[in-house]
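Read the structure below first, then the notes.
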Amino acid sequence: MTHHLHQKPSPLDPRLDYTVGRRGIEYNGYGINPGADWVRNTTADISGSYLPKKNVYHAGEDVNMGTADWGQQSPGINYNVMRFSGVLLMAAEAAAELGDLDTALEYVNMVRNRAKNMTYVMAENGSPAANYKIEPYASFPNTEFALKAIRFERRLELAMEGHRFFDLARWDIAVPKFLISTS
């Protein structure tokens, strides 16, 4: 087996490390996430080594902590937040549905450029924690491509914020009909 020591790791969207706690990356002020050993106490647990980062309070933010019905800690945020990127992606979707691909492209690229130019998560040695790369789309050649890109962008940008089920239901994708019945 040949090892490629000088091979650059695959590019990674920089939003991932603001959404998911990965092994070897600092986790919300609690130190480096060592993976399953840190968050799980049995080998029978198949939950894995990844943790949510959004809606999880950071170390030292005990004032924001709430307690749920079974005693588990929760972030104590009891209001919905509508982010500007979510509004841009809704507007992009509406524009694409109406055939205005230039406006859809502009709004999606506003979100992607913000992600491209944000502060990246750093590793312990002070370098970026991954080979982060994200670029704006050059064009939307047709409505189908635009809608696919917008749906992908919503999945990345709004990950773990509670929108995914409703997006899938709205788009009539992979949601059993009995779950969205109106009768």
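The alpha-carbon of LYS53 sits under 13 angstrom from the alpha-carbons of these aspartates and glutamates, leaving out residues fewer than 8 places away in its chain: ASP17, GLU26, GLU161. Once the chain from PHE84 to ASN125 is taken as fully extended at 0.36 nm per residue, the excess over their C-alpha distance is 11.5 nm. Protection proxy ranking, highest mean first, for peptides 11-24, 139-152, 120-133: 11-24, 139-152, 120-133, where packing is the per-residue count of other beta-carbon atoms within 10 Å, averaged.
Amide H contacts under 5 Å for GLY21: LEU51, LYS53, restricted to partners 5 or more places along the chain or on a different chain, H placed in the peptide plane at 1.01 Å from N.
Every read-out reported here was derived from the displayed coordinates using simple, explicitly stated rules and does not represent laboratory data. Predicted model only: the values in this text are computed from it and were never measured. Don't worry about glycine lacking a Cβ; one is built from the backbone with ideal geometry, like all the others, and counts go over all protein chains shown.
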